[in-house]
Amino acid sequence: MSKGIDEARVHQILKAGPFLWGEAVRLHVLFGASEIEGIDVYRCRQENAPVNVYTHGGAWRNGRSREFAFLAELFVNAGAHSVIVDFNNIDDVDGDLLAMARQVRSAVAYVYKNAARFGGDPNRVYVTGHSSGGHLAGCIATTDWQRDFGLPKDVLKGALLASGMYDLKPVRLSKRSKYVKFTDEIEEELSAQRHLDRLNCPVIVAHGTMETPEFQRQARDFHTALKAAGKPVKFLVGESYNHFEMLETLATPYGLLGRAQLELMKLS
């Protein structure tokens with residue numbers, strides 16, 4: 001496995017005909033120094049196509065990018081490239097949530113800089129996340145791109161944040177503090193709701209009615225804060241959906257999240 005885009009492999013895939021699932025269409029590219037810091041690129045057949053970057057959930061402790069490959073079909077069939085990020089879990093980085101945030105932010109910076117190499121449009125990069133991945137996607141959306149990466153402040157053109165956490169104060173008081181080494185710096189820097197001045201794209205915030213009260217409250221409060229700050233925001237409530245069923249709606253253009261994401265990307 002080498003760092004960078006294997007352009008010969010991309011060409012081979014494009015000549016293969018109809019889109020096929022499996023190793024034949026998955027490009028795994030390293031964006032960082034360690035083996036885990038990679039992205040899975042599922043490429044559509046259109047050139048200069050928009051790119052959706054997905055950050056997975058799993059309580060910050062579980063999950064690998066390949067487990068979420070089923071989400072790529074929605075975007076590929078709609079004419080967009082799907083990028084699914086691989087990153088360390090919290091136990092791998094000794095409880096340091098800042099390290100995880102740096103990884104996913106670096107992944108998006110890499111996609112922005114290299115999108116054209118796999119047929120993507122760097123001016124149409126979107127991020128999507130669910131659960132703890134929704135939290136990380138919120139951190140991505142509120143990145144200071146100019147300060148941290150020397151990039152334009154509007155790297156992202158839209159964000160869909162589902163069933164996530166946007167203020168870490170209550171999370172710090174929960175049992176998750178047993179494996180996340182919260183500090184004042186982590187709580188402040190990684191609470192997206194406290195950095196709305198850095199947000200430069202439309203946002204969709206969503207939760208299901210069968211999720212725990214705290215997930216619902218976090219979504220409501222974040223939506224209220226975004227609206228009060230004058231940010232373009234859409235609020236979605238999945239009636240009778242639990243935490244995991246909300247993710248399933250992202251896998252189809254007829255689902256609550258799938259339809260909303262395609263509309264956000266102007267692909268519906």
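Quick notes on this structure:
- Of the residues making up region 246-267, those that are open to solvent by 50 Å² or more (accessible area, probe 1.4 Å) and assigned to a loop (DSSP other than H, G, I, E, B) are Pro253, Tyr254, Lys266.
- Among (1) in contact with a His (Cβ under 9 Å, 6 or more places away or on another chain); (2) without any contact (Cβ under 8 Å) to a residue 40 or more places away in the chain, the one test that Arg43 misses: (2)
- Test: residue in region 201-211 that is assigned to a helix (DSSP H, G or I), within 28 Å of Ala99 (Cα to Cα), open to solvent by less than 60 Å² (accessible area, probe 1.4 Å) and in contact (Cβ under 8 Å) with a residue 24 or more places away in the chain: no
- Lys153, sole failed condition from (1) surrounded by fewer than 18 Cβ atoms within 10 Å (Cβ to Cβ); (2) basic (Lys, Arg); (3) in contact with a strand residue (DSSP E or B) (Cβ under 9 Å, 6 or more places away or on another chain): (3)
- Of all residues in region 123-152, those that are within 17 Å of Val51 (Cα to Cα) and among the basic types (Lys, Arg) have Cβ atoms under 6 Å from Cβ atoms of residues that are open to solvent by 10 Å² or more (accessible area, probe 1.4 Å) and at pLDDT 95 or above, 6 or more apart or on another chain, in Arg124/Lys157.
- From the options His243, His195, residue that is open to solvent by less than 50 Å² (accessible area, probe 1.4 Å) and either touching a strand residue (DSSP E or B) at 6+ places or on another chain (Cβ under 8 Å) or among the polar types (S, T, N, Q) (or both): His243
- Check on Thr224, open to solvent by less than 30 Å² (accessible area, probe 1.4 Å), of a type in the set (Val, Ile, Thr) and not in a loop (DSSP other than H, G, I, E, B): no
- Pairs meeting the criteria (first residue in region 96-111 and under 14 Å from Ile36 (Cβ atoms), second residue part of a helix (DSSP H, G or I), beta carbons under 6 Å, at least 6 apart or on different chains) are Val104/Leu136; Val104/Ile140.
The values are calculated or read from the model by the stated rules, or taken from the named source; none is laboratory data. The structure presented is a predicted model; accordingly, all values stated were derived computationally and were not measured. Cβ atoms come from the backbone with ideal geometry, glycine included; neighbour counts cover every protein chain shown. Just the protein is used for accessible areas: all its heavy atoms, side chains included, with ligands, DNA and RNA removed. Shrake-Rupley method; radii C 1.70, N 1.55, O 1.52, S 1.80 Å.
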